[in-house]
Structure formats: structure tokens, C-alpha cells
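S.K.: Mind looking over this structure? Questions follow.
The values are calculated or read from the model by the stated rules, or taken from the named source; none is laboratory data. Because the structure is a prediction, the values reported are computed rather than measured. For neighbour counting, all protein chains shown are included, and Cβ atoms are generated from backbone atoms with ideal geometry for every residue, glycine included.
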Amino acid sequence: MIFSKLIFTSLLLLTPLASFADLSIRVQLSDIFTAQKAATSHTAWESHKNHPNQALIRILSNSPNKQELCFELLRLKVENKILLYNTFKDNFLTLPLPCYTQFLNKTEFYLKTIADKLSSGRRVRTVKLNIPTEIIALDTSGGPRLVYADLPPKTIALTFDDGPSPKTTLKLLDILDRHQVKANFFSTGQNIQRYKKITAEIAKRGHFVGNHSWSHRQMSKMKYSEAKNEIIDTFDLLDQIIENWVPFFRYPYGARSKRVTQFLQSENVPQFFWAIDTLDWKYSDPKYLFKYALKQIKTQGRGIVLFHDIQPQTIAIMPALLDALRQQGFRTVAFTPQ
Ligand SMILES: [Zn+2]
């Protein structure tokens, strides 16, 4: 025991890079990934103190040696780089790191490479299988709650939440166009306000933009009046930006509230839940996410599928996933109000 401890200590001393400072950066970074792996729900993860939006900024302000921080960031496993990607992109001004561009380029290069790799060999064979998405006119009276949405076997409705985002949403739109796929988007008021042009572009390309609250907080924990205002404000904004927005709603994290539901029902606003959760917020490794999402869809067989258009790994797997689904005889639908 003492002997092995001695070996361990001497190994630490012999490792030239293991100074106290970078060990601490390394530990702080690995705390992010440990917390993410352990998170049991999307809401638990987004509010965690080790979510990159808090932790990465904290690490940066506590690390005077930016070169050292860069060294640790650039040596991260690629799925961990992807986890930090959005925070990096969103915080250009607060993250003045010498490796800022290099970090993003490396991550984007990997995402592109893996997207090509996953698709290779599939595209050519599936051209004839590209059946355009069927648009279903939904009876919204009474504000129904949708999970399987009465879809027949091998029929799925793709939904994309939490956007729009300038990093990922436009790329997704191009992929959906190439595959003749239409989808329902559930965007937050705050992102719609930030990215009005992208929101308009989603609708222009023939998709349907619905309401995912204003601030993406859990409505089950909010005051009724506050939650109701978030819904109304988001619909008002959508109405100012696009003509063919849809009066559809999805609760952030699916966390519903009784009174809000009553309000939605009285306003004939359907509540979109999901039958198939791809957990794309959790699985940042595109190779794993591809397998996981495909397996979930095949196992469940039909219904509404939940994705997030802000996740770079989701965009990376999408061409290959759409090809694979078509090869296996799946059809897609999207919903519009009757
Ligand atoms: Zn969401």
C-alpha cells in the first residue's frame, strides 16, 4: 500500500505538466463532464453549477494563465469539446482566450468529419426513398396533449426545441431541405427575439414554428401569471415576425402546470410532448448519439421525436439519421393547425 502510494507520488512528481495550477484546471474541467454524465434530467443539467455556462466562465476568471487553460482545453476528448462548444460560441467577449478560434475550428472540423463518415455509403442508395414529409392538419380544439399523436407504425414527427441558434439552426434547415423533410420547431421567445431572421427563415423553408415559453424556465415552478405571460409574449413576438407561425406549445423540460394547461386548453393550444426522447442534450458524442437516437426511434416505432436544434451533435448526425430511417421504411409528418 505504502509502496504503491510512493510510486504514485513519484509519478506525479515526474510528470512535467502536473503543476498545481493545471491539475486544478483539469479537475475543474472534468467536474463539468462528470456532472453532465450524472445528470438525470435536462432540467437538472441546465441548472447545475457545473454546467459550462457557469463553470467555464468561472474557470476562466480563476485561471490567470490562459496558455495553460488552452492546453487543457485543446487536449480534451472530442465529445467533451462539443459539450463546451455552445458556451464558447456564445461568449466570445467574455472568453478572450488565445485558443478561441483553434478550439472552435477543431470541434467544427470533427463534427463535419463525423457527419460525413456517418453518411458515407448511405446517401446514394436512398435518393429514391426520399418521400416528402406529409403535413397533417391538426384539430386544435380543446388544446389536445400529443405524445404519439395517433401516428401509425413507422411514422414519426420530428421536433426541434430551444433555438433558434445562429450556429446550428441554418445548417439544420439545409439538411432538412436536402432530405425533403419538414418539422415542428419549438423556439423560445428570448431566442426568437435575438435571432428574428433565423426564425423567419425556418418558416420560409416550410417548417412550423411554435412556442417553447420565453425564458425556458420550468413552468411547474413558476407563478401562474408569470408563466401565462411568457406564453402570450412569445406568441405575440412570433406574430410580429412570421405570418404562418403555429399556435402550438411545448413546456420547457415537459414540466407542466395544471393551471397553465387549463389556460392552453381554453385557448385551443395543443401541448406537444414526445414519445421518443433522443437525449441529444446528454450524448455529445455524435457516434453514440446516432446509434442511441436510431435505436430509440426503432424501439418506440412511432410518435413525436424530441431533438434540440441548438446542439451541434444533433446537426452532425441528422443527414445520416434521416437516411437510415428512410432505409428502414420510416416516414415523417409535421403538424399544422386545421
Ligand atoms: Zn427545451
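S.K.: Taking only the stretch 149-168 into account, find how many residues are touching a Lys or Arg at 6+ places or on another chain (Cβ under 8 Å), over 15 Å from K196 (Cα atoms) and more than 16 Å from the ligand (Cβ to nearest atom).
M.R.: Qualifying residue count for the region: 6.
S.K.: Which of the residues belonging to the stretch 182-197 are touching a strand residue (DSSP E or B) at 6+ places or on another chain (Cβ under 9 Å), surrounded by fewer than 23 Cβ atoms within 10 Å (Cβ to Cβ) and assigned to a helix (DSSP H, G or I)?
M.R.: Within the stretch 182-197, just G189 meets the criteria.
S.K.: How many residues does the stretch 68-93 contain that are surrounded by 18 or more Cβ atoms within 10 Å (Cβ to Cβ) and either at positive phi or not in a helix (DSSP H, G or I) (or both)?
M.R.: The number of residues fulfilling the criteria is 1.
S.K.: Can you go through P337, P252 and tell me which one is modelled with pLDDT of 95 or more and more than 17 Å from H42 (Cα to Cα)?
M.R.: P337
S.K.: Could we say that T168 is more than 21 Å from I297 (Cα to Cα), assigned by TED's automatic domain parsing to the domain that holds A320 and of a type outside the set (G, A, S) here?
M.R.: Yes.
S.K.: Kindly indicate the residue of the stretch 209-222 that is buried (at least 22 other Cβ atoms within 10 Å of the Cβ), outside any helix (DSSP H, G or I) and not small (G, A, S) and also farthest from the ligand (Cβ to nearest atom) among those meeting that condition.
M.R.: V209
S.K.: Output the residues belonging to the stretch 127-142 that are β-branched (V, I, T) and modelled with pLDDT under 95.
M.R.: V127, I131
S.K.: Only residues that are within 16 Å of the ligand (Cβ to nearest atom) and touching a helix residue (DSSP H, G or I) at 6+ places or on another chain (Cβ under 6 Å): list them for the stretch 250-270, please.
M.R.: Answer for the stretch 250-270, where residues must be within 16 Å of the ligand (Cβ to nearest atom) and touching a helix residue (DSSP H, G or I) at 6+ places or on another chain (Cβ under 6 Å): Y251, Y253, A255, S257, V260.
S.K.: While we're here: Could you list, in sequence order, all residues of the stretch 161-219 that are touching a Ser or Thr at 6+ places or on another chain (Cβ under 6 Å), among the aliphatic types (A, V, I, L, M) and in contact (Cβ under 8 Å) with a residue 40 or more places away in the chain?
M.R.: Once the filter is applied, which keeps residues that are touching a Ser or Thr at 6+ places or on another chain (Cβ under 6 Å), among the aliphatic types (A, V, I, L, M) and in contact (Cβ under 8 Å) with a residue 40 or more places away in the chain, the stretch 161-219 yields V181, I192, M219.
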